[in-house]
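Comments concern the structure below.
The values are calculated or read from the model by the stated rules, or taken from the named source; none is laboratory data. Source: prediction; values computed, not measured. With ideal geometry, Cβ positions are generated from the backbone for all residues, glycine too; neighbour counts draw on all protein chains shown.
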Amino acid sequence: MLKNTYLQEVYGEASRRSAGEKEFLQAVLEVLESLEPVIERDPSYEKLGIIERLIEPERFIQFRVPWVDDSGKVRVNRGYRVQFNSAIGPYKGGLRFHPSVNASIIKFLGFEQTFKNSLTTLPMGGGKGGADFDPKGKSDGEVMRFCQSFMSEIFRHIGPDTDVPAGDIGVGGREVGFMFGQYKRLKNEFTGVLTGKGLSFGGSLARTEATGYGACYFTEEMLSHLKGESLKGKRVVISGSGNVATYCAEKLLQLGALPVTVSDSSGYAYDEKGIDIALLKQIKEVERGRVSDYAARRPGAKYGENCREVFTVPCDVAMPCATQNELDETSAEALIKNGVIAVSEGANMPCTPGAVEKLLAAGVLFGPAKAANAGGVATSGLEMSQNSQRYSWSFEEVDSKLHDIMKKVYRSAAEAAEEYGMAGNILAGANIAGFLKVGAAMKAQGIV
Ligand code: NDP
Ligand code: 2IT
């Protein structure tokens, strides 16, 4: 609930203008709630219309993506790119290919990305894009033709100093490779216009691992600072079984924790011995299979058909790594009842506002997405640096920079929370810290 009348008016106008864009408005409201003390302390934000400008994308592009399927039939999808905010650097953010993609989803992700990128300490503005294309069940040829058609439109809007897309749900190394090839062909330029590229053509070591690893580094910092604890020996419930979930599980095992679940939209696997990473990668990355295959092939693992029930599995820490609004109040209640001490968001906005409220009220540590999962885009920023230098760093160098960045992300969120009288509220702290840098840059650059 907003108490500040200026912010109430801004949110009222946003609700009118973006009526029906439920995920976008949810993300905006959460940020505005955190910014109340900041706006009240410094009236110039209001006078300069910083918040009104911050919630309105600089540019929103929607386009037709026609492609031909294997049977020769022409298909049409809808493509998007939102260029949300370029105050602190070129637009930067992933592309999502999933049937649920629409303007609201793309705008919520682009809005969040602006704050997340600011928190990384690197010079990147906020952007996001994607299409309502479903790569599931498509052949490599179909995916390639779709990616080429998608790039044939967005190539004119992006560039290594303008806007640098990457992966997200449904977009991994294969899709980035096809899109990079088409960009290079259209522009006759070999530049770092996308991140998450293959290692043989400019990709960064540790980018694949970065989001999951980074989420663990962040959670470790939060547990240590606020509870004097570590991940060692903790049972962890993970949702999702894609890029973020897989490397989150891998790092947890390295840190001596026990990840006991993975899920997809069809169900979840409970593996009390701890997730077998080699088997998970074989099924998900090589065979493009399902969590049900994992459960069937892993002795002792159990399978449940309702993916939301993954959060009923008892754990010390939960790391939702699948999609937005997957962890609701019922899931939060189940986690609290089972004694969870921390929830860290690997996915973007996986916890509903009601769930967050319940977790905070119960004293559960909460690592918000824009801080906890910032390691992916941070390492994309490191990939951009390596591309500009025409050089590449070792895995250890990149991983150690990532680790350092995640500590800084945590520290700046924790310090901002303290500074504004909300010590321990890392959600508010991350929103405030992310905002302060973007807000200062916007003030300095005049009315644009
Ligand atoms: P992947 O495509 O690799 O994996 C997505 C996973 O989430 C799959 O297991 C998928 O299951 C599951 N999932 C997707 N939609 C739903 C749904 N509606 N209900 C239940 N499960 C679902 O994507 P990523 O691992 O890259 O992304 C996961 C999350 O992390 C997203 O929120 C993304 O925005 C966020 N993120 C990703 C970053 C990255 O670097 N990749 C960086 C920061 C955040 P199924 O196969 O059944 O669809
Ligand atoms: O949500 C995200 O931060 C991502 N999908 C990663 C974006 C990127 O540019 O690496």
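All of (1) within 16 Å of ligand 1 (Cβ to nearest atom); (2) free of Cβ contacts under 8 Å to residues at least 40 places away in the same chain; (3) in a helix (DSSP H, G or I) hold for V398 with one exception: (2). For segment 350-361, the criterion of a residue being crowded, with 24+ Cβ neighbours inside 10 Å, within 9 Å of ligand 1 (Cβ to nearest atom) and in contact (Cβ under 8 Å) with a residue 40 or more places away in the chain is satisfied by at least one position.
Mind listing just one residue for me: the one in segment 113-152 that is buried (at least 24 other Cβ atoms within 10 Å of the Cβ) and without any contact (Cβ under 8 Å) to a residue 40 or more places away in the chain and, of those, farthest from ligand 1 (Cβ to nearest atom)? Top of the filtered list is M151.
Of F311, F218, which residue is out of contact with any Pro (no Cβ under 6 Å at 6 or more places or on another chain), within 21 Å of A342 (Cβ to Cβ) and within 16 Å of ligand 2 (Cβ to nearest atom)? The unique qualifying residue is F218.
Flag: G421 does not match the condition of being surrounded by fewer than 18 Cβ atoms within 10 Å (Cβ to Cβ), free of Cβ contacts under 8 Å to residues at least 40 places away in the same chain, more than 16 Å from ligand 1 (Cβ to nearest atom) and not in a helix (DSSP H, G or I). Applying the set (1) touching an Asp or Glu at 6+ places or on another chain (Cβ under 8 Å); (2) within 15 Å of ligand 2 (Cβ to nearest atom); (3) closer than 20 Å to K251 by Cα to I341 leaves exactly one unmet item: (2).
Has segment 190-213 got any residue that is polar (S, T, N, Q), modelled with pLDDT of 95 or more, surrounded by 17 or more Cβ atoms within 10 Å (Cβ to Cβ) and part of a helix (DSSP H, G or I)? Yes, there is a match, as at least one residue in segment 190-213 is polar (S, T, N, Q), modelled with pLDDT of 95 or more, surrounded by 17 or more Cβ atoms within 10 Å (Cβ to Cβ) and part of a helix (DSSP H, G or I).
Restricting the search to segment 19-45, which residues are over 18 Å from Y420 (Cα atoms) and charged (D, E, K, R)? Spell out how you get there, then give the answer.
Here is the first cut: in segment 19-45, the ones over 18 Å from Y420 (Cα atoms) are 19-29.
The answer is E21, K22, E23.
Name the single residue that is nearest to ligand 1 (Cβ to nearest atom) among those in segment 90-112 being buried (at least 19 other Cβ atoms within 10 Å of the Cβ) and hydrophobic (A, V, I, L, M, F, W, C). Looking at residues that are buried (at least 19 other Cβ atoms within 10 Å of the Cβ) and hydrophobic (A, V, I, L, M, F, W, C), I get L109.
State yes or no: is M179 within 16 Å of ligand 1 (Cβ to nearest atom), surrounded by 24 or more Cβ atoms within 10 Å (Cβ to Cβ), at pLDDT 95 or above and assigned to a helix (DSSP H, G or I)? Break it down into steps so the answer makes sense when it comes.
Working: within 16 Å of ligand 1 (Cβ to nearest atom): yes; surrounded by 24 or more Cβ atoms within 10 Å (Cβ to Cβ): yes; at pLDDT 95 or above: yes; assigned to a helix (DSSP H, G or I): yes.
Yes, satisfied.
When restricted to residues that are at negative phi and crowded, with 24+ Cβ neighbours inside 10 Å, segment 232-245 contains 8.
Per this entry, T323 is counted among residues that are surrounded by fewer than 22 Cβ atoms within 10 Å (Cβ to Cβ), at pLDDT 95 or above, part of a loop (DSSP other than H, G, I, E, B) and out of contact with any Cys (no Cβ under 7 Å at 6 or more places or on another chain). Within segment 182-198, take every residue that is in contact (Cβ under 8 Å) with a residue 24 or more places away in the chain and over 17 Å from P90 (Cβ atoms) and give me the one that is farthest from ligand 2 (Cβ to nearest atom). The extreme case among them is L186.
Against the numbered list (1) in a helix (DSSP H, G or I); (2) touching a Phe, Trp or Tyr at 6+ places or on another chain (Cβ under 9 Å); (3) more than 16 Å from ligand 2 (Cβ to nearest atom), L436 comes up short only at (2). Sort out which residues of segment 326-340 are touching a residue at least 24 places away in the same chain (Cβ under 8 Å) and surrounded by fewer than 20 Cβ atoms within 10 Å (Cβ to Cβ), and write them in order of number. Selection gives D328, E329, E333, I336, N338, G339.
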